[in-house]
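This report refers to the structure that appears directly beneath it.
The values are calculated or read from the model by the stated rules, or taken from the named source; none is laboratory data. Since the structure is predicted, the reported quantities are computational estimates derived from the model, not experimental observations. Virtual Cβ from ideal backbone geometry, glycine too; neighbours counted across all protein chains shown.
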């Protein structure tokens with residue numbers, strides 16, 4: 001049985017495994033997971049802004065995302081965003097996915 005805690009509302013965007021959007025080691029997440037370059041979206045990993053970490057959104061945490069269209073559903077926190085971002089998540093997606101920004105996205109930690 002899955003239990004849910006209180007939710008937070010954030011802005012959600014997308015990012016690609018690309019050195020222009022990450023860093024030179026673009027196939028390694030901040031949690032040191034290796035990204036499958038052929039299908040990064042298959043991992044269902046998100047990056048979170050650092051301010052969310054104090055609320056429990058840390059590496060390995062399963063999250064239910066609502067309000068992000070086709071990207072809604074269960075994701076796992078495996079990356080961290082630049083410190084300039086606040087109340088934000090980034091979906092790791094395949095390079096053929098272009099554009100994507102959703103305001104007022106609901107994220108909830110899934111306790112299994």
Count - residues of region 36-51 that are more than 11 Å from the chain's Cα centre (by Cα) and surrounded by 21 or more Cβ atoms within 10 Å (Cβ to Cβ):
1
Please work out if residue 13 is more than 13 Å from the chain's Cα centre (by Cα), assigned to a strand (DSSP E or B) and in contact (Cβ under 8 Å) with a residue 24 or more places away in the chain.
no
Checking residue 100 against (1) free of Cβ contacts under 8 Å to residues at least 60 places away in the same chain; (2) touching a strand residue (DSSP E or B) at 6+ places or on another chain (Cβ under 8 Å), which test does it fail?
(1)
Within region 97-111, track down each residue that is at pLDDT 95 or above and over 17 Å from residue 53 (Cβ atoms).
101, 102, 103, 104, 105, 106
Counting only residues that are farther than 19 Å from residue 17 by Cα, loosely packed, with under 13 Cβ neighbours inside 10 Å and more than 11 Å from the chain's Cα centre (by Cα), region 67-92 contains a total of 5
Got a sec? Which of 44, 50 is at positive phi and either modelled with pLDDT of 95 or more or in contact with a strand residue (DSSP E or B) (Cβ under 6 Å, 6 or more places away or on another chain) (or both)?
44
Residue pairs meeting the criteria (Cβ under 9 Å; at least 6 apart or on separate chains; first at positive phi and at pLDDT below 95, in region 68-94; second in a strand (DSSP E or B) and exposed (fewer than 12 other Cβ atoms within 10 Å of the Cβ))
none
